[in-house]
Amino acid sequence: MNIPDRLSRLFDRRTQGIALAVALFGGALSSTAIAQGSNAPQALTNAGEVKGKLAQVDGVTLREFQGIPFAAPPVGKKRWQPPQPVEAWNGVRDASRFAARCMQLPLASDMVFRSNGMSEDCLYLNVWTPASAANAKLPVLVYFYGGGFQCGDGSEKRYDGASLAAKGVVTVTVNYRLGVFGFLALPALAAESPHHAAGNYGLLDQAAALRWVQSNIAQFGGDPSKITIGGESAGSISVNSLMASPLSKGRIAGAIGESGALINPISPHPLKQMQQNGTLFVKKAGADSLAALRAMSAEKLLQAAADKDSPDFGPDIDGYFLTESPEATFERGAQAHVPLLLGANSQEGFWSRLLDNQPPTPANYRKTLQRVFGAQAEQALTLYPGHTEDEVKSSGTALSGDGFIAHTTWRWMDLHRRTGSSPVYFYYFDRPRPLKRDDKPGASVDAGAVHSGEIEYALGNLDTNLVYAWTPADHETSRVMEGYFAQFIKTGNPNGAKLPMWAAVKDADGGLLRQTIDAHSRTEVDRGAARQAFLQKIFAAGPPPF
């Protein structure tokens, strides 16, 4: 199954009941605006001066800069080119509002944007930093959004950097090209590339943003030698890729991955295959050359890519950003040797999807696993047992989540702890979201933490999401998880004052240590190695069977 399909499988579940978010989400403020006048903060970048705005959160005055260009607009002949340097400007450029989001279809209604419309001209980033940090050399987080490489934006409220900035972390969110604009590969594109590469333009955008941060972040109070990269879902897959890429692995001091890695069954495609897909797309779009394709409007390209018969667009082994699969890079220990904090959620998938909405009876579960695994069904039933309806729900949810994205995350953890020469901190996020504010009495909640459900907790942004009736237990979970993130970004170790102890991954009691994060976070033993070894063999044999 391709990356966009795998990451969009849960969008329908994630967006149930989110209509209220569209009405309320964008109006929530995580910080209090301060009258600007002549006090508006300014910073000097390599291309020119920018002017942001002041805000206050948790009693800390922040400087916020939004819509700073880190590359030239990828339009015209620059469409499907690696990002080019920004042209210098005269005077002071306004950086007090978010720029446009990259071209995308409205695939997930839980993504509520603050961006200034949508455009191909979208290679901008945003910086939150303490006002007192002019020369402080604070640690830096560069965060990449999720969305299956098809949608998302650095302006999303759940990615707001104000809370982490108030805790002493210079926080940066980055836009990168998506879908056909970010991942089209063609023989003609490879022919014009000095590296004979094609595709991966969205990932090259991320690498360019990292270069920009390294060159400019000192002007915002950040330390260019202490850059941690982080992201969720496609953003986490990006972090895994950036750790492996020769273009970026030397620029980072730490990495955070929330649910996902570019590791089988979410693997980069061979360049040749993606060029074939691209050639098919050119024909479907009605173009007869690369020049004709570049002359098409962005809107027409977006609609052509939305056709149900359109080929897939995602990362490939282009020979430039990726010279091999990240899995191979990590296996031979050639990735960035930096501390890694990563994990997945307790309900990344759901038993009903695995059973195709059939009742969760042991008979239906056995029948499903026999269909999915064939001769390996009995082994699957041993590892994911289903003798009762409750066990079917539990095992079916675990298997669905592993097959979707948790297995890739586990493999990333295991590879880096074996070859990375740096500590690894592995989490299992198990805090279900509470009732929605408009739920009627007696409404049910998810049994576990759904895909993407940890973002607001981890980045300290619960109060920006007015959909859910957050409880004191939710705020305690967020305090702890954001505290772990902040400490890790600062020191490469998530432990700190008033935080439950989190042990690095190591063998213990027949398993591996990991941190369960919920209202009562604690270190436990993960005994899933046999499950993951089984799935690794299944996925190595061919396309994922479920």
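The values are calculated or read from the model by the stated rules, or taken from the named source; none is laboratory data. Keep in mind it's a predicted model, so treat the numbers as computed, not measured. Using ideal geometry, Cβ is built from the backbone for each residue, glycine included, and neighbour counts are taken over all protein chains shown.
Within the stretch 161-182, the residues that satisfy the criterion of being in contact with a helix residue (DSSP H, G or I) (Cβ under 6 Å, 6 or more places away or on another chain) and not aliphatic (A, V, I, L, M) are 167, 171, 173, 176, 177, 179, 182. Applying the selection to the stretch 366-381, what residues are touching a Pro at 6+ places or on another chain (Cβ under 9 Å) and farther than 20 Å from residue 537 by Cα? Listed by number, the list is empty, since nothing qualifies.
Would you check if residue 163 is part of a loop (DSSP other than H, G, I, E, B), among the hydroxyl-bearing types (Ser, Thr, Tyr) and either in contact (Cβ under 8 Å) with a residue 40 or more places away in the chain or out of contact with any Leu (no Cβ under 7 Å at 6 or more places or on another chain) (or both)? No. Does residue 200 fit the bill of being at pLDDT 95 or above, buried (at least 24 other Cβ atoms within 10 Å of the Cβ) and under 15 Å from the mean Cα position of the chain (by Cα)? Considered against the rule, which asks whether it is at pLDDT 95 or above, buried (at least 24 other Cβ atoms within 10 Å of the Cβ) and under 15 Å from the mean Cα position of the chain (by Cα), residue 200 comes out as no. If you scan the stretch 209-254, which residues turn out to be among the charged types (D, E, K, R), touching a strand residue (DSSP E or B) at 6+ places or on another chain (Cβ under 9 Å) and in a helix (DSSP H, G or I)? Once the filter is applied, which keeps residues that are among the charged types (D, E, K, R), touching a strand residue (DSSP E or B) at 6+ places or on another chain (Cβ under 9 Å) and in a helix (DSSP H, G or I), the stretch 209-254 yields only 251. For the stretch 60-78, residues that are touching a residue at least 24 places away in the same chain (Cβ under 8 Å) and surrounded by fewer than 22 Cβ atoms within 10 Å (Cβ to Cβ) total 7. Only one of the numbered conditions (1) at pLDDT 95 or above; (2) closer than 21 Å to residue 220 by Cβ; (3) exposed (fewer than 13 other Cβ atoms within 10 Å of the Cβ) is violated by residue 39, and that is (1).
Looking at the stretch 46-123, the strands (runs of 3 or more DSSP E) lying wholly inside it that each contain 2 or more residues that are among the charged types (D, E, K, R) and either at negative phi or modelled with pLDDT of 95 or more (or both) sit at 48-51, 60-69, 92-94. Of the helices (runs of 4 or more DSSP H) that lie entirely inside the stretch 337-408, those containing 2 or more residues that are closer than 21 Å to residue 432 by Cα and of a type in the set (Gly, Ala, Ser) span 389-401.
Just a yes or no: is a residue in the stretch 490-502 surrounded by 19 or more Cβ atoms within 10 Å (Cβ to Cβ) and polar (S, T, N, Q)? No, that holds for no residue.
Every condition in (1) without any contact (Cβ under 8 Å) to a residue 60 or more places away in the chain; (2) surrounded by fewer than 22 Cβ atoms within 10 Å (Cβ to Cβ); (3) under 31 Å from the mean Cα position of the chain (by Cα) is met by residue 390 except one, and the failing one is (3).
Screening the stretch 105-149 for residues that are crowded, with 24+ Cβ neighbours inside 10 Å and of a type in the set (S, T, N, Q) and picking the one that is nearest to the chain's Cα centre (by Cα) gives 126. For the stretch 182-197, a residue qualifies if it is outside any loop (DSSP other than H, G, I, E, B) and surrounded by fewer than 24 Cβ atoms within 10 Å (Cβ to Cβ), and the qualifying residues are 187, 188, 189, 190, 191, 192.
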